[in-house]
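Take a look at the structure set out below.
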Amino acid sequence: MSEVLLRTVRRVGTSGAPADVRVTDGVVTAVAPAGTLDATSTDTDVLQADGAWLGPGLVDHHTHFDQWALVRRRVDVSVADSAEATADLLAAVARTGVADRVLIGHGYRDGMWPRPASRELLDRAAPGLPVVVVSADLHAVWCNALALSHFGAVLGRPLVAGEDGVLREQDAFDVTGALSQVPDEVLDGWVADAAEAAAARGVTRVVDLEMRFGLDRWTRRIRGGTDALRVSSGVYAADLDTAIARGLRTGDVVEGTRGLLTMGPFKVITDGSLGTRTAALADGSGVLAWSFDDLVAITRRAVDAGLVPAVHAIGDRANALALDVFEAVGARGTIEHAQLLADADLARFARLGVAASVQPEHAMDDRDIADHHWAGVTDRAFAFASLARAGARVLLGSDAPVAPLDPWVSLAAAVGRDRDGREPWHPSERLSALTAWTGSTDGRVGVAVGDVADLVLVGSDPLTVSSTALRTMPVLATAVAGRWTHRDR
């Protein structure tokens, strides 16, 4: 028997009266006033919490975990405010000689650049070296001529880009996939580091929506000792046949992973993105990847096989289409992003039992882009509170690497809709602290007897502190099934 005793904690969602909490074999077995619970053996792990706040472990409901691990080792160009500044950053790195095969940047946002991207800029930045810059939203890659040639050969087909050197949507996804092909042992090590970093921010579970089928990779990693997180690993249309043939159903626990790995949802992408200006809007602009009939057919096939749909939809036209598909199939699931919604569609989420899986930090990153490219309709953009008022379940995530895999960043953006000292953007769409909190957990508010001991111990009450304080919340300890995955005390 394993036992952990947390002394003098304050539980989130209560009056804050100090309590002792006992965890036995990964389950909360006792909660009592502070000072009244004793260790039952000399082997009990006792943590003196000194009044810190205890809550359920945090969940990131939308990540691309391999990409997050890779991006942590790429050139961050997110601070660059122009194509020229981005190229200058990459040129400085190229001069150091650290990139010997391909120079990879990440995080450009060109929606407000004064001049467009240029292939020639990247040609000059690193002569003789393929250069690829992945957009912050992952829906575009900016390449120099050598990169277009190199990855065209890798993919076995010509990659055609204009003078800007930018590839969008599927071509971009294919290049990003090729960039991800590093040796298993290398990527597994980077993923382990990223998992530990997530645990240090209180994360106990992630939904991994990596495009390349990840269940077997995660099985290998967890069996090899990467056990800081629970993982729900999804599948895309390209691997749907494989998942169905193997009898995989959403929620199935993978054998030999100590309950840490489950089969995730069926992910399908309907449109592009705001940043790449390919989101499908009601005005007819943007890109739709599926017709209604085809999307119904593949979604029904997945649902009939026991897979829960997770449908990417950014623009209002794409969200209406996604809701139509859920209604036609008669399934529940999630719409991922739900960034721009028609007023008439808000109530449909609740009526159809479709959760809105949103990434609040995107609203902070893209507020200026939205005001420019979605001028006049941003009262319907990132409409978190409107969704909650309509009765929809709202889940929070990061879409890492599009935003940092840090649930406190997401919480802060959800309840404050502010950052960097700027005024809140459409403050009427701020979520209540309670709704944001339950959207960042498995739906629980606090910790009670009988709960699986996926826990986070933090320095302040997350339901009462400001959005600024949330962004830098001290995480003192994190546990998965009572096993410490992070501990500062």
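Let me have the 222 nm mean residue ellipticity of the chain computed from DSSP H runs of 4+ only, each contributing -39500 (n - 2.57), with the sum over all residues rounded to the nearest 500.
Numbers: 16 runs with 156 residues, N = 489.
Here the helix-only value at 222 nm equals -9500 deg cm²/dmol.
Stick to Cα atoms and the Kirkwood definition of Rh, then tell me Rg/Rh for region 1-99.
Values: Rg = 23.7 Å, Rh = 17.8 Å.
Ratio of gyration radius to Kirkwood radius for region 1-99: 1.33.
Which distance in Å, rounded to a whole number, links the C-alpha centroids of region 394-450 and region 217-255?
If we compute the Cα centre of each part, the gap is 27 Å.
Name the shape class, rounded, prolate or oblate, that the alpha-carbon gyration tensor gives for region 103-173, where a ≥ b ≥ c are the square roots of its eigenvalues, rounded holds for a/c under 1.5, and otherwise prolate holds if a/b is larger than b/c and oblate otherwise. Don't jump to the answer; show the numbers that get you there.
On the way: a/c = 1.67, a/b = 1.21, b/c = 1.38.
Since a/c reaches 1.5 but b/c is at least a/b, the shape of region 103-173 is classed as oblate.
Taking all protein chains as present, what is the carbon and sulfur share of the accessible area of region 349-489, in % to the nearest whole number, probe 1.4 Å?
On the way: 2440 of 4860 Å².
The C+S portion of the solvent-accessible surface of region 349-489 is 50 percent.
Determine the share of region 160-237's accessible area contributed by carbon and sulfur atoms, expressed in whole percent, with a 1.4 angstrom probe. All intermediate terms of the calculation are to be shown ahead of the outcome.
Values: 1400 of 2760 Å².
Roughly 51 percent of what the probe reaches on region 160-237 is carbon or sulfur.
Could you run the Karplus curve 6.51 cos²θ - 1.76 cosθ + 1.60 with θ = phi - 60° over region 391-397 and give me ³J(HN,Hα) per residue in whole Hz, x for Gly and Pro?
x, 6, 7, 10, 10, 10, x
Below 8 Å, C-alpha to C-alpha, sequence gap of six or more: please give me the relative contact order for the chain in percent. Display every interim value, and only then the final one.
Values: 1117 pairs, mean separation 87.1, N = 489.
For the chain, the relative contact order is 18 percent.
Using a ≥ b ≥ c from the Cα gyration tensor of region 247-305 (square roots of the eigenvalues), is it rounded, prolate or oblate, where a/c under 1.5 gives rounded and otherwise the larger of a/b and b/c decides, a/b for prolate?
Values: a/c = 5.77, a/b = 2.02, b/c = 2.85.
Oblate is the answer for region 247-305, as a/c is 1.5 or above yet b/c matches or exceeds a/b.
For Val166, list long-range residues whose amide hydrogen, built 1.01 Å from N in the peptide plane, is under 5 Å from its own amide hydrogen.
The answer is Cys143.
If you roll a 1.4 angstrom probe over the protein chains with everything in place, what fraction of the accessible area of region 277-325 belongs to carbon and sulfur, to the nearest %? If you can, show how the numbers build up before the last one.
Details: 1010 of 1880 Å².
Result for region 277-325: 54 percent of the exposed heavy-atom area is carbon or sulfur.
Mind putting together the pair-distance distribution for region 201-294? All Cα pairs, 10 Å bins, whole percent per bin, short to long.
15, 37, 26, 18, 4, 0
Express the accessible area of the chain per residue in Å², computed with a 1.4 Å probe while the remaining protein chains stay in the model. Mind dumping the intermediate values first?
Details: 18570 Å² over 489 residues.
For the chain, the per-residue accessible area is 38 Å².
The values are calculated or read from the model by the stated rules, or taken from the named source; none is laboratory data. These numbers were taken from a predicted model, which means no experiment stands behind them. These accessible areas exclude ligands, DNA and RNA; they are computed on the full protein's heavy atoms, side chains included. Shrake-Rupley method; radii C 1.70, N 1.55, O 1.52, S 1.80 Å.
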